[in-house]
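So the structure is just underneath, and the comments pick up after that.
The values are calculated or read from the model by the stated rules, or taken from the named source; none is laboratory data. Note that the structure is a prediction, hence the values are computed from the model and not measured. Methodologically, a virtual Cβ is constructed for each residue, glycine included, from the backbone with ideal geometry; neighbour enumeration extends over all protein chains shown. Note: areas computed on protein heavy atoms with side chains; ligands, DNA, RNA excluded. Shrake-Rupley method; radii C 1.70, N 1.55, O 1.52, S 1.80 Å.
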Amino acid sequence: MTPKQKLQRIILQQDRKTLAYEKKYARVVKRALIEQVNYAITHNGTINAEPMHKAVSTLFEDVALFFGVWQYNILDNKLVTKADGFFLNNLKIWMQIYMNTYIASHVTEINDTTQKQIQRILSKGIGQDFQTLAELLQTNIDSIASNFRAIMIARTETANAVNAAKKRSSDDWEDETGERLYKLWIHRFAKEPRSWHKSLDNDIAIPKEQYFRVIDPKGNEELMSRPHAEGATAKNTVNCSCQVMYVSERFAKSLAK
């Protein structure tokens, strides 16, 4: 099996698992959205933040744990990892910190959008009695908690969890072995793919410390250490399911032959 064939096999395995997570958590996210709208119906348009926090946190814990260990195993051809000990403990500690910072901010943004959608609907019934406003929200529950939005949130947050966990695992691998790592940008199927993301999926691995030059059709450039890098703009992260893959220097050079 050639290096490129091996890479494609790994990508296919990764895609199957990622898609399963996206489908699973789209349903979880949709239930959270419906619960929030139902709460708003009886609480003067105010949402409860907890359902979405629980949904996204559970998603992150599930996905990050799997792909954190998965990335570590990819780097260790013998599959003799520290997944049952030191490495796994470190990964779980990092996951908790990450959830308390970045994931918390993601949930806040999602809830803010939901709240704005609810207020926009309620603004159409200004001056009406409580029952009328409640009925207005009930009538529009499918637009606020749409399948499209649930899928978009699940897709975005799954990709974020995958990429963040892989980065963490690669850091641990480097610390443990002293080995220099390379990385590949992997573009996943989308109905309306970002052409500038797709162009980065070229089987050319770059040193881990370098940035991917993400240039949109208008010529705007954003330097990203990986898909869903912290601080990246929404145009390069929302509804994006691109993933990074960290590989050994030897494997990176074999791809170039």
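Descriptive notes on the structure:
- Amide H contacts of Arg194 (H built 1.01 Å from N, under 5 Å, at least 5 apart or other chain): none
- Only one residue of Leu200, Gly219, Thr139 has its Cα farthest out toward the positive end of the dipole of the chain, where Lys and Arg carry +1 and Asp and Glu -1 on Cβ, and that residue is Leu200.
- Overall, the stretch 142-182 carries a charge dipole of about 300 debye about its Cα centre when +1 sits on the Cβ of Lys and Arg and -1 on the Cβ of Asp and Glu, all other atoms neutral.
- Label-point separation in nm, Ile97 to Ser143, each point 7 Å along Cα→Cβ: 4.4 nm
- A simple charge model with +1 on the Cβ of Lys and Arg, -1 on the Cβ of Asp and Glu and nothing else charged puts the dipole of the chain at about 940 debye relative to its Cα centre.
- Each peptide in 129-138, 247-256 receives the mean, over its residues, of other Cβ atoms within 10 Å, and ordering these scores from highest gives 247-256, 129-138.
- The long axis of helix 130-139 is offset from the longest Cα principal axis of the chain by roughly 40 degrees.
- Ligands, DNA and RNA excluded, the heavy atoms of Lys23 present near 120 Å² of accessible surface to a 1.4 Å solvent probe.
- Rounded to the nearest whole Hz, the Karplus-based 3J(HN,Hα) values (6.51 cos²θ - 1.76 cosθ + 1.60, θ = phi - 60°) of the stretch 60-67 follow the sequence 4, 4, 5, 6, 5, 5, 5, 6, with x at glycine and proline.
- Structure remark: mean-square fluctuation, Gaussian network model of the chain, C-alpha springs under 10 Å; the largest value among Ala20, Ala104, Ala205 belongs to Ala20.
- Given +1 at the Cβ of Lys and Arg, -1 at the Cβ of Asp and Glu and no other charges, the dipole of the stretch 209-257 around its Cα centre is 260 debye to the nearest 20.
- Per residue, the accessible area of the chain comes to 53 Å², computed with a 1.4 Å probe over protein heavy atoms only.
- A Stokes-Einstein calculation at 10 °C with viscosity 1.306 mPa s, built on the Kirkwood radius of the stretch 165-257 over Cα pairs, returns a diffusion coefficient of 114 µm²/s.
- The stretch 149-215: trypsin sites (Lys or Arg not before Pro) in DSSP loop, at most 15 other beta carbons within 10 Å: Arg180, Lys191
- The stretch 1-64-the stretch 199-225 distance, computed between alpha-carbon centres (Å): 26 Å
- Our helix-only sum for the chain, with -39,500 (n - 2.57) per DSSP H run of n ≥ 4 divided by its residues, gives a mean residue ellipticity at 222 nm of -20000 deg cm²/dmol.
- Centre-to-centre, using Cα atoms only, the stretch 100-116 and the stretch 129-178 are separated by 9 Å.
- Charged neighbours of Lys235, selected by a Cβ distance under 9 Å, balance to -1 (K, R count +1; D, E count -1).
- Between Thr233 and Ile10, the simple label model (points 7 Å from Cα in the Cβ direction) yields a spacing of 3.2 nm.
- Global geometry of the chain, whether rounded, prolate or oblate, following the gyration tensor of its Cα atoms and the 1.5 cut on a/c: prolate
- Total formal charge among the other residues, if their Cβ is under 15 angstrom from that of Ile121, Lys/Arg +1 and Asp/Glu -1: +2
- Amide H within-cut-off set for Ile186, under 5 Å, with H built and near neighbours excluded: Gln243, Val244, Met245
- Sites Lys191 and Gln131, calculated FRET efficiency, Cβ-Cβ separation with R0 30 Å, nearest 0.05: 0.15
- Residues whose amide H falls under 5 Å from that of Leu181, counting only those 5 or more places apart or on a different chain, are Lys208, with hydrogens built in the peptide plane.
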